[in-house]
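**Q** Input: one structure, supplied below.
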Amino acid sequence: MERVLIAGATGALGQVIAGKLLERGYRVRGLARNPDRLANLVARGLEPARGDLLDPASLAAACRETDQIVSTANSFMGSGAASPTKVDVAGYTNLMAAAKAAGVRRVVHVSAYGIGPDTPVDYFRVKARVDEVIRSSGIPWVLLKPSAFLDVWIGMVLTEIGAGRPARIFGDGRRVSNYIAASDVAEFAARIVARPEIAGETIDIGGPSTLSALDLVALIESHLGRPAARKQIPLIVLRLGARLVRPFNELLARFMAMGAWSAAADRRLDHWRAAADRFQLAPMTAEGYLATIPKGAGPGHG
Ligand SMILES: NC(=O)c1ccc[n+]([C@@H]2O[C@H](COP(=O)([O-])OP(=O)(O)OC[C@H]3O[C@@H](n4cnc5c(N)ncnc54)[C@H](OP(=O)(O)O)[C@@H]3O)[C@@H](O)[C@H]2O)c1
């Protein structure tokens, strides 16, 4: 069976992809800066590989005898020396060089839908540059571009409500976004791993739910069976705030810029059925995702 290296195996999505590939009998190697964080997957047969995107020698070892790479690693939460602006482009350049030297046959990289070099969020501009690093690596590649993760956006609202805070609504809360569950993103990735003939393709993936922030909070209220307070943060506050706080708090600035970006325009992905049909997958709705969450789930779920 093929060996697949997961770069990002300790992350929320990387863990699920690793689990799915292990279930299907692949030899799965997980890159981790701290392999202790892989204990659950190691118990299921994952081979840990201590490594860092910024350490080329560790990547050379991790790529040895590897057929494919699935990459989800990213520094969204980082700032200062660990900022995505400092780590991700250099890190993926290192990873692709190590993969090429080791003869890796393909990389399936998880990017994001709707981002580009001019997106007003530093992390998204970095992601667009990473996409370019992958495309120009000389290794057959697939770029998987998911819409917003239900887990993240529903998790954020549940955390706020669970902590007794109002649900934050960016802007007027009326612009819509397409949503997909992380487990569906993982399933797309696993099905692509099984189709080695797919290469040189950017694949947009989303789900049946296209909702505004207000719709999402209403669904969560109906799931919990109780009303939730809302707090609207005007676009101008998010945009100006992002600029003002950036020198002192890069991460808060990133969240504010992302909030403004998500609230400024509709983020539809009306062609979501194309990939769903192609890979014979029925992505979850927001209601279906909520039904998987126990009603008493406390802060932090998601
Ligand atoms: N959230 C959304 O709505 C959304 C939408 C579309 C696309 N996406 C994309 O989907 C992907 C989701 O990934 P995720 O949720 O699994 O991310 P995550 O939970 O934040 O995990 C990040 C992973 O990157 C690893 N990493 C960071 N810096 C590293 C370095 N220098 N060397 C090696 N590993 C490093 C982390 O390892 P450590 O354990 O060592 O920290 C961790 O495994 C991201 O690329 C995201 O941009 C998200």
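The values are calculated or read from the model by the stated rules, or taken from the named source; none is laboratory data. Predicted model only: the values in this text are computed from it and were never measured. Note that each Cβ is placed from the backbone with ideal geometry, even for glycine, and that neighbours are counted across all protein chains shown. Only protein heavy atoms, including side chains, enter the accessible area calculation; ligands, DNA and RNA are left aside. Shrake-Rupley method; radii C 1.70, N 1.55, O 1.52, S 1.80 Å.
**Q** Can you tell me how many residues in segment 1-18 are within 14 Å of the ligand (Cβ to nearest atom) and surrounded by fewer than 18 Cβ atoms within 10 Å (Cβ to Cβ)? Walk me through it before giving the result.
**A** Quick first cut of segment 1-18, residues within 14 Å of the ligand (Cβ to nearest atom) only: 5-18.
Next, only the ones that are surrounded by fewer than 18 Cβ atoms within 10 Å (Cβ to Cβ) stay: 12.
The total comes to 1.
**Q** Let me ask another. Taking the options Ala263, Ala257, Ala274, name whichever one is open to solvent by 50 Å² or more (accessible area, probe 1.4 Å), in a helix (DSSP H, G or I) and of a type outside the set (Lys, Arg). Full working, then the answer.
**A** Working: Ala263 fails: open to solvent by 50 Å² or more (accessible area, probe 1.4 Å); Ala257 fails: open to solvent by 50 Å² or more (accessible area, probe 1.4 Å).
On inspection, the qualifying residue turns out to be Ala274.
**Q** I want to confirm something. Restricting to segment 24-46 and keeping residues that are without any contact (Cβ under 8 Å) to a residue 24 or more places away in the chain and open to solvent by less than 70 Å² (accessible area, probe 1.4 Å), which single residue is nearest to Gly11 (Cα to Cα)?
**A** Ala32
**Q** Another question, if that's okay. From the list Ala148, Ala181, Ala163, which residue is touching a residue at least 60 places away in the same chain (Cβ under 8 Å), surrounded by 21 or more Cβ atoms within 10 Å (Cβ to Cβ) and over 19 Å from Ala263 (Cα atoms)?
**A** Details: Ala148 fails: over 19 Å from Ala263 (Cα atoms); Ala163 fails: surrounded by 21 or more Cβ atoms within 10 Å (Cβ to Cβ).
Selected residue: Ala181, the only one of Ala148, Ala181, Ala163 that is touching a residue at least 60 places away in the same chain (Cβ under 8 Å), surrounded by 21 or more Cβ atoms within 10 Å (Cβ to Cβ) and over 19 Å from Ala263 (Cα atoms).
**Q** Would you check which residues across segment 62-84 are surrounded by fewer than 19 Cβ atoms within 10 Å (Cβ to Cβ) and away from the ligand (no atom under 13 Å from the Cβ) and list them?
**A** Listed by number, the residues that qualify are Arg64, Glu65, Asp67, Gly80.
**Q** Considering only segment 1-40, how many residues are of a type outside the set (Val, Ile, Thr) and part of a strand (DSSP E or B)?
**A** If we filter segment 1-40 for residues that are of a type outside the set (Val, Ile, Thr), which is where we start, we get 1-3, 5, 7-9, 11-15, 18-27, 29-40.
Keeping just the survivors that are part of a strand (DSSP E or B) gives 3, 5, 7, 27, 29-32.
The qualifying residues number 8.
**Q** Check off (1) touching an Asp or Glu at 6+ places or on another chain (Cβ under 8 Å); (2) within 15 Å of Thr93 (Cα to Cα) for Leu54 and give me the number that stays unchecked.
**A** (1)
**Q** Which residues, counting only those in segment 152-174, are more than 13 Å from Gln232 (Cα to Cα) and of a type outside the set (A, V, I, L, M)?
**A** Those that are more than 13 Å from Gln232 (Cα to Cα) and of a type outside the set (A, V, I, L, M): Trp153, Gly155, Thr159, Glu160, Gly162, Gly164.
**Q** Cβ contacts < 6 Å: first residue among the polar types (S, T, N, Q), restricted to segment 95-114; second residue open to solvent by less than 10 Å² (accessible area, probe 1.4 Å), any location; separation 6+ or different chain. Result?
**A** Going by the 6 Å Cβ cut-off, the qualifying pairs are Ser111/Asp131; Ser111/Leu143.
**Q** Examine segment 28-42 for a residue that is within 28 Å of Phe248 (Cα to Cα), of a type in the set (D, E, K, R) and either at pLDDT 95 or above or out of contact with any Phe, Trp or Tyr (no Cβ under 9 Å at 6 or more places or on another chain) (or both), and state whether such a residue exists.
**A** Quick first cut of segment 28-42, residues within 28 Å of Phe248 (Cα to Cα) only: 33.
Remaining after also requiring of a type in the set (D, E, K, R): 33.
With the extra rule that they be either at pLDDT 95 or above or out of contact with any Phe, Trp or Tyr (no Cβ under 9 Å at 6 or more places or on another chain) (or both), the set shrinks to 33.
Looking for residues that are within 28 Å of Phe248 (Cα to Cα), of a type in the set (D, E, K, R) and either at pLDDT 95 or above or out of contact with any Phe, Trp or Tyr (no Cβ under 9 Å at 6 or more places or on another chain) (or both), one finds at least one in segment 28-42, hence yes.
So that you can scan it fast, the table gives a plain yes or no per residue for (1) buried (at least 21 other Cβ atoms within 10 Å of the Cβ); (2) near the ligand (Cβ under 10 Å from one of its atoms); (3) at pLDDT 95 or above:
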position: Val104; (1), (2), (3): yes, no, yes
position: Ile115; (1), (2), (3): no, yes, yes
position: Thr119; (1), (2), (3): no, no, yes
position: Tyr123; (1), (2), (3): yes, yes, yes
position: Arg129; (1), (2), (3): no, no, yes
position: Ser137; (1), (2), (3): no, no, yes
position: Trp153; (1), (2), (3): no, yes, yes
position: Val157; (1), (2), (3): yes, no, yes
